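Undergrad: Got a structure for you, written out below as structure tokens; questions coming shortly.
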Amino acid sequence: MVHYFSYDMPGAPVLNGQPGSLIALLNACLVEGWGATAIDSLTVAGEVASVVCGGGHPLQQYMVAGISGAAHAGLNGQFKVTMASGSTLQFAAPGVPDGTYTGTAQVRVAPVGWGRPYTGSNVAVYRAPLGNRFCLRVDDTLWHSAQVRGYEEMSTVDDGAYPCPPNAVATFLYWAKSDGNNTTRRRWMLFADGRTLLLSVAYRSGDDYYGVRYETYTWGEFTSFRPADAFNSLINGINTRYETNANTGGLSFSIGRVYGSAGLLRGMRSYTGAPGATFGQTAASVHVQSGSTSTSDHYTGPNPVDGRIYASPIQLREGNLSPDLDRLPHRGLLRGVYAIPMNLPEPIYPVGTILPNPAGTPGAALLMRSYAGALLMDITGPWSA
């Protein structure tokens, strides 16, 4: 199940430039959840469950609710929210007869269900519940940014085997949190399932002429073109602790290219299985939108032929960036994120716009903008295997 979280949810963790704030965010979204609220009424009609919380709840449409204490087993667990307002929400309840099942029910923001096998002081190791289950180590002891690194195996919070990036390249990458070392909140969104994590951060102190811009970092599996690929995982980031320029190693875009910002998209191993991470680059299967809102590079969407907005899968290329990206072999596709092969003017389509059914996605997708372009984040799922 695809989970979607946002900084503006009631009770959401606060991301800022101080040590520990990213760990708190990842703990809440991936492992713990938050916002347990008593349910005043839980009813089912026509296999649709309706929840009423007199004091309100923290969930939005397309997010995942965790229900416990309901008087029917089919209503306890995790459910995709199909409608949400200030005091009510709904979700599909297949096979549950019409009736009232309030019992002692509670609702909360459901975590994705990742493990956290090792912890330290503002350091944690996270592990997805499905797939190859490699380890993500996050060192959040610094201001501004956190150090991140993947490992195939870990035995303690500090000790692991087969790191990504490998020692010969770098000892870690960075995920930017804030351009300030203070407690000022930064906008963020997180998208994840049982295999892959996508974290988008608006790390800058204020909006500039670009408007709100997010950098998107990823860890976890991609969809490999190689059958039985046991090493189809990657990580991206920046290789310096803090930069004041716009691009801080997030997934970025230019005309005809989607790329991991100066080769900072790293695979755990080559498609051959050779130890040591390889460079990874991405190129959309069709031309993708540039960061500009002008119409000089692409026609303005929606598509005038059918009135739809189109999404393009993002292909992962393996190998060094030079001399020619187009000569690199196709390793697979990124999961949960798409390029946009048309221009979407920002006054009409601001960052965070939810598009109900872009062509090429399983359902609804959220529009994300970086300093170098735009992404569509799949908030419906399932993400490709």
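The values are calculated or read from the model by the stated rules, or taken from the named source; none is laboratory data. Not measured: the values here are computed from a predicted model. Cβ sites come from the backbone with ideal geometry, for glycine too, and all protein chains shown count toward neighbours.
Undergrad: Hey, can you tell me all the residues within the stretch 103-118 that are of a type in the set (D, E, K, R) and out of contact with any Gly (no Cβ under 6 Å at 6 or more places or on another chain)?
TA: Across the stretch 103-118, the qualifying residue is only Arg116.
Undergrad: Here is a follow-up. Mind listing just one residue for me: the one in the stretch 14-53 that is among the aliphatic types (A, V, I, L, M) and part of a helix (DSSP H, G or I) and, of those, nearest to Tyr174 (Cα to Cα)? Explain how you work it out, then say what you get.
TA: The first filter runs over the stretch 14-53 and keeps only residues among the aliphatic types (A, V, I, L, M), leaving 14-15, 22-26, 28, 30-31, 36, 38-39, 42, 44-45, 48-49, 51-52.
Add one more test, that the residue is part of a helix (DSSP H, G or I), and what stays is 22-26, 28, 30-31.
Details: Leu22: 12, Ile23: 14, Ala24: 17, Leu25: 16, Leu26: 15, Ala28: 20, Leu30: 19, Val31: 22 Å.
For the stretch 14-53, the residue satisfying everything is Leu22.
Undergrad: Which of the residues belonging to the stretch 359-373 are under 18 Å from Phe191 (Cα atoms), out of contact with any Asp or Glu (no Cβ under 9 Å at 6 or more places or on another chain) and either among the basic types (Lys, Arg) or buried (at least 21 other Cβ atoms within 10 Å of the Cβ) (or both)?
TA: Result: Met368, single match.
Undergrad: Of the residues Gly11, Gly56, which single one is touching a residue at least 24 places away in the same chain (Cβ under 8 Å), in a loop (DSSP other than H, G, I, E, B) and touching a strand residue (DSSP E or B) at 6+ places or on another chain (Cβ under 6 Å)? Quick ask: steps written out before the conclusion?
TA: On the way: Gly56 fails: touching a strand residue (DSSP E or B) at 6+ places or on another chain (Cβ under 6 Å).
Just a single option satisfies the conditions, and that option is Gly11.
Undergrad: Look at Arg116 and say whether it is touching a helix residue (DSSP H, G or I) at 6+ places or on another chain (Cβ under 7 Å) and either within 23 Å of Met189 (Cβ to Cβ) or of a type in the set (Lys, Arg) (or both). It would help to see each step written out before you state the result.
TA: On the way: touching a helix residue (DSSP H, G or I) at 6+ places or on another chain (Cβ under 7 Å): yes; either within 23 Å of Met189 (Cβ to Cβ) or of a type in the set (Lys, Arg) (or both): yes.
Yes; evaluated as a whole, the condition is true for this residue.
Undergrad: OK, next. Among the residues of the stretch 359-385, count how many are touching a residue at least 60 places away in the same chain (Cβ under 8 Å) and either among the hydroxyl-bearing types (Ser, Thr, Tyr) or in a loop (DSSP other than H, G, I, E, B) (or both). Write out each step before concluding.
TA: Within the stretch 359-385, the subset touching a residue at least 60 places away in the same chain (Cβ under 8 Å) is 364, 366, 368-385.
Remaining after also requiring either among the hydroxyl-bearing types (Ser, Thr, Tyr) or in a loop (DSSP other than H, G, I, E, B) (or both): 364, 370-372, 379-385.
So the count comes out to 11.
This table checks each residue for (1) modelled with pLDDT under 90; (2) under 19 Å from Ala24 (Cα atoms); (3) in a strand (DSSP E or B).
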| residue | (1), (2), (3) |
| --- | --- |
| Tyr174 | no, yes, yes |
| Ser178 | no, yes, no |
| Arg187 | no, yes, yes |
| Leu197 | no, yes, yes |
| Gly206 | yes, no, no |
| Thr218 | no, yes, yes |
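Undergrad: With a cut-off of at least 1 residues that are among the aliphatic types (A, V, I, L, M) and without any contact (Cβ under 8 Å) to a residue 40 or more places away in the chain, name the strands (runs of 3 or more DSSP E) lying wholly within the stretch 89-141.
TA: Values: elements: 106-109, 115-120, 123-127, 135-139.
Of the strands (runs of 3 or more DSSP E) lying wholly inside the stretch 89-141, those with at least 1 residues that are among the aliphatic types (A, V, I, L, M) and without any contact (Cβ under 8 Å) to a residue 40 or more places away in the chain span 123-127.
Quick grid of which residues meet (1) more than 27 Å from the chain's Cα centre (by Cα); (2) under 16 Å from Ile39 (Cβ atoms); (3) buried (at least 17 other Cβ atoms within 10 Å of the Cβ); (4) among the aliphatic types (A, V, I, L, M):
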| site | (1), (2), (3), (4) |
| --- | --- |
| Lys80 | no, no, yes, no |
| Met83 | no, yes, no, yes |
| Phe91 | no, yes, yes, no |
| Gly99 | yes, yes, no, no |
| Thr102 | yes, yes, yes, no |
| Gly113 | no, no, yes, no |
| Val123 | no, no, yes, yes |
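For (1) among the small types (Gly, Ala, Ser); (2) buried (at least 24 other Cβ atoms within 10 Å of the Cβ), each residue gets a yes or a no:
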{"residue": "Asn182", "(1), (2)": "no, no"}
{"residue": "Arg185", "(1), (2)": "no, no"}
{"residue": "Val212", "(1), (2)": "no, no"}
{"residue": "Phe222", "(1), (2)": "no, yes"}
{"residue": "Ala230", "(1), (2)": "yes, no"}
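Undergrad: Answer yes or no as to whether Ser178 is more than 25 Å from Val2 (Cβ to Cβ) and crowded, with 22+ Cβ neighbours inside 10 Å. So that I can check it myself, show each step before the final result.
TA: Numbers: more than 25 Å from Val2 (Cβ to Cβ): yes; crowded, with 22+ Cβ neighbours inside 10 Å: yes.
The answer is yes for Ser178.
Undergrad: Where in the stretch 225-330 are there strands (runs of 3 or more DSSP E), lying wholly inside it, with at least 3 residues that are in contact with a strand residue (DSSP E or B) (Cβ under 9 Å, 6 or more places away or on another chain) and modelled with pLDDT of 55 or more?
TA: Fully inside the stretch 225-330 and qualifying: 233-236, 265-267, 278-284, 312-318.
Undergrad: So in the stretch 142-171, with the set limited to residues that are in a loop (DSSP other than H, G, I, E, B) and free of Cβ contacts under 8 Å to residues at least 60 places away in the same chain, which one is farthest from Val112 (Cα to Cα)? Before you say what the answer is, go through the steps one by one.
TA: Restricting attention to the stretch 142-171, the residues satisfying the condition of being in a loop (DSSP other than H, G, I, E, B) are 142-144, 155-159, 165-171.
Checking which are free of Cβ contacts under 8 Å to residues at least 60 places away in the same chain leaves us with 155-159, 167, 171.
Working: Ser155: 23, Thr156: 23, Val157: 21, Asp158: 24, Asp159: 25, Asn167: 30, Thr171: 28 Å.
The selected residue is Asn167.
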